[in-house]
Amino acid sequence: TISKLQNLKNTFETKYGESPLFYACAPGRVNLIGEHIDYCGYSVLPMAIEQNILAAVSVSDSGTIQLANTNPQYKDFTVPCKEDIAIDRDNPQWHYYFLCGVKGIQEKFGITHLAGMSCVVDGSVPPSSGLSSSSALVCCAGLVTMEANHKSLSKVALAEICAKCERYIGTEGGGMDQSISFLAERGTAKLIEFQPLRATDVKLPDGVVFVISNCCVEMNKAASSHFNIRVVECRIATKMLAKARGVEWSRLSKLAQVQTELKASLEEMQALVDEVLHPEPYSQEEICKALGITSEQFCSELLSANTQHVKQFKLHQRAKHVYSEAARVLQFKTLCDSRVAESMQLLGDLMNQSHASCRDLYECSCSELDQLVDICLKSGAVGSRLTGAGWGGCAVSMVPNERVESFLQAVREAYYNPDPRRAAMEKQSLFVSGPGGGAAIFLEG
């Protein structure tokens, strides 16, 4: 990081003719288990990775925020420091993610006159890879804006603000990515729980490492509707399950809330899904009839801006995934805590079950990810699964220490080398990562 900071300082001085006042960094993350369940109210189990978003910043009374990126494919952008910063969710460019973080802090403190800032941003998190580069950028921007405007917040408050303000770009996420970016600590994974937000250390087993491998298919959550369709399907399933059990459904929006209302176990919730929801896709008409609402209400209250076109909803499959995945997270944590001899294989089994559920029930994988996970298992991983939103991006594999070198070589030969495009990306696409630290500010000098 020292050499990266020096390079960033040089770039900053060349660009703006002055030295930075401070630096901020926010890490990417890998989710070990618990996919697509944070926005349903359930706990997840991620760790921060070494790769991060880094910003060099100077502060002035210029009345503008100047943004530049060390990567020439991301263009410079300047915006006036006004009260109503516009974010174009139809055009999710890199600078709009940064402005989400600025806007979140501005609104939290009611700042009418933001400090002028000049920023150069550098990132080592591969973009659109499921390692949370976009949320790390939002978190870094939130931290930068707080520091530049002499405000102070706890890490938990920052995480909550950044989770909320990322929705300006149109992604209805649940808060895992921002939470781990701020609450991570070197050497430990975290169980992240919501409402209230809290993080508990999870000591990963000795004798294994986690290897991240990018399938080299990019997926931008804000630019496509896959992600928000799943959020909507879970919201509708919540209401259908509540209605079927005589619970006031209109105020419930998350699958965890139905479980709480019914005081049921996760196993009982899975049985309820089988009993109440049919596996065939639901039409809008069938849902409206079941809930007693009009199609206008359906579109305005249940759908989001970029899911208005959706005609069919797989409620049974999505709810079944969420309740079973929430149970797997708790089992994973219990196994890590127990330190029993056979826990490595059992943890691997949970990762494999998670991938199968993401692939078959949540349908958030893709053929390249499935192929990569298969290769990882054949190459010596005890468990392997997609991580992040899916539809591209990365797999995470649990590999015994003694197999790491042979594993990396086998995956390289089977997945990356046969394809020239993947081979060119392999250096930044296949790597071991230990649990890294959380977001931080460094002062110049």
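Once C-alpha pairs closer than 8 Å and six or more residues apart are averaged by separation and normalised to the residue number of the stretch 385-445, the relative contact order reads 15 percent. The distance between label points at Ala271 and Gln195 comes to 2.4 nm (points 7 Å beyond Cα on the Cα→Cβ vector). Taking every alpha-carbon pair in the chain and binning the separations at 10 Å intervals from zero gives 4, 21, 30, 26, 15, 4, 0 percent. Here the dipole of the stretch 143-250 is about 340 debye; that uses its Cα centre as origin and unit charges on the Cβ of Lys and Arg (positive) and Asp and Glu (negative).
For the stretch 277-372, the Kirkwood hydrodynamic radius from C-alpha pairs, put into Stokes-Einstein at 4 °C and a viscosity of 1.567 mPa s, yields a diffusion coefficient of 81 µm² per second. On the beta carbon distance between Glu286 and Arg167, with R0 = 41 Å, the FRET formula returns roughly 0.90.
If you filter the stretch 186-249 for GluC sites (Glu not before Pro), then keep DSSP loop positions with at most 13 other Cβ within 10 Å, what is left? Could you put the intermediate results ahead of the total?
Working: sites: Glu193, Glu218, Glu233, Glu248; in loops: Glu218, Glu248.
Loop-located and lightly packed - Glu248.
Share of pairwise Cα-Cα distances greater than 12 Å in the stretch 389-442 is 74 percent (whole percent).
Protein heavy-atom surface of the chain, 1.4 angstrom probe: 50% of the accessible area is carbon and sulfur, with nucleic acids and ligands not counted.
Convex hull volume of the Cα atoms in the stretch 146-225, per residue, in Å³?
Output value, Cα hull per residue: 148 Å³.
Of Pro27, Pro80, Pro72, the residue with the greatest mean-square motion in the GNM of the chain, using alpha carbon springs below 10 Å, is Pro72. Helix-only arithmetic for the chain: the sum of -39500 (n - 2.57) across DSSP H runs with n ≥ 4, divided by the residue total, places the mean residue ellipticity at 222 nm at -13000 deg cm²/dmol.
Please state the relative contact order of the stretch 209-354 as a whole percent: Cα pairs under 8 Å, 6+ residues apart? Please report the intermediate quantities before stating the final value.
Values: 124 pairs, mean separation 38.8, N = 146.
It rounds to 27 percent for the stretch 209-354.
When the charge dipole of the chain is built from unit charges on Cβ atoms (+1 for Lys and Arg, -1 for Asp and Glu) and taken about the Cα centre, the candidate among Ser134, Tyr416, Val399 whose Cα reaches farthest toward its positive end is Ser134. Rounded to whole Å, the principal axis extents of the Cα atoms in the stretch 314-416 read 42, 35, 17, largest first. The Rg/Rh ratio of the stretch 1-50, with Rg taken over Cα atoms and Rh as the Kirkwood radius over Cα pairs, comes to 1.27.
Separation of the stretch 430-445 and the stretch 348-369, taken as the distance between their Cα centroids, equals 29 angstrom.
To the nearest 20 debye, what charge dipole does the chain have about its Cα centre, counting +1 at the Cβ of each Lys and Arg and -1 at the Cβ of each Asp and Glu? Kindly include the intermediate steps, with their values, before the conclusion.
Numbers: 42 positive and 50 negative charges, 61 e Å.
It comes to approximately 300 debye.
The alpha carbons of the stretch 19-94 give a radius of gyration and a Dmax of 16.9, 45 Å, in that order. When the chain is treated as a GNM with alpha-carbon contacts under 10 Å, the residue of Ser343, Ser134, Ser181 showing the greatest mean-square fluctuation is Ser343.
Take the alpha carbon gyration tensor of the stretch 50-202, find the square roots of its eigenvalues, order them as a ≥ b ≥ c, and report rounded if a/c is under 1.5; if not, report prolate when a/b exceeds b/c, else oblate.
Values: a/c = 1.65, a/b = 1.36, b/c = 1.21.
Prolate shape, in that a/c is at least 1.5 and a/b is the bigger ratio.
The number of Lys pairs in the stretch 270-386 with C-alpha atoms less than 21 Å apart, excluding pairs fewer than 8 positions apart on the same chain, is 4. Distant-in-sequence amide contacts of Met117, defined by a placed amide H-H separation under 5 Å and a gap of 5 or more residues or a different chain, comprise Ser60, Thr64, Ile65, Gln66. A 1.4 Å probe run over the protein chains yields, for the stretch 368-445, 41 Å² of accessible area per residue, whole-number rounding.
Suppose every K and R has +1 on its Cβ and every D and E has -1 on its Cβ; what is the size of the dipole of the stretch 190-335 about the Cα centre, in Debye to the nearest 20? Let's see the in-between values first.
Working: 19 positive and 17 negative charges, 53 e Å.
For the stretch 190-335, the charge dipole is close to 260 debye.
Within the stretch 91-156, the proportion of C-alpha pairs whose separation exceeds 18 Å stands at 36%. What relative contact order, as a whole-number percentage, does the stretch 350-422 give when Cα pairs under 8 Å and 6 or more residues apart are counted? Over the stretch 350-422, the number comes to 27 percent.
For Thr334 and Val209, what is the calculated FRET efficiency with R₀ set at 25 Å and r taken between the beta-carbons, to the nearest 0.05? Efficiency computed from Cβ-Cβ geometry: 0.70.
Write down the accessible area per residue of the stretch 230-323 in Å², having rolled a 1.4 Å probe over the full set of protein chains.
46
Decide, for the stretch 212-350, between rounded, prolate and oblate: order the square roots of the alpha carbon gyration tensor eigenvalues as a ≥ b ≥ c, take rounded if a/c falls under 1.5, and otherwise choose prolate if a/b is larger than b/c, else oblate. Taking the square roots of the gyration eigenvalues as a ≥ b ≥ c, the stretch 212-350 is oblate.
Pulled fully out, how much extra length does the chain show between Ala356 and Ile293, if you take 0.36 nm times their separation in residues and subtract their Cα-Cα distance?
My answer for the length gained is 19.2 nm.
For the chain, complete DSSP H runs whose alpha carbons reach 30 Å or more along their own long axis and whose mean Kyte-Doolittle score is -1.0 or higher are 315-338. Once Lys and Arg get +1 and Asp and Glu get -1 on their Cβ, which of Met344, Thr294, Val217 lies farthest toward the positive end of the dipole of the chain? The one lying farthest along the dipole's positive direction is Thr294. Past the 15 angstrom mark, what percentage of all C-alpha to C-alpha distances in the stretch 51-114 do you count? Of the Cα pairs, 56 percent sit more than 15 Å apart. Select from Thr238, Ala184, Gly174 the residue farthest towards the positive end of the dipole of the stretch 108-239; place +1 on Cβ of Lys and Arg, -1 on Cβ of Asp and Glu, and compute about the Cα centre. The one lying farthest along the dipole's positive direction is Thr238.
The values are calculated or read from the model by the stated rules, or taken from the named source; none is laboratory data. These numbers come from a predicted model, not from an experiment. Please note: Cβ atoms are built from the backbone with ideal geometry, for glycine as well, and neighbour counts cover all protein chains shown. Each accessible area value is taken on the protein alone, full model and side chains, heavy atoms only, with ligands, DNA and RNA left out. Shrake-Rupley method; radii C 1.70, N 1.55, O 1.52, S 1.80 Å.
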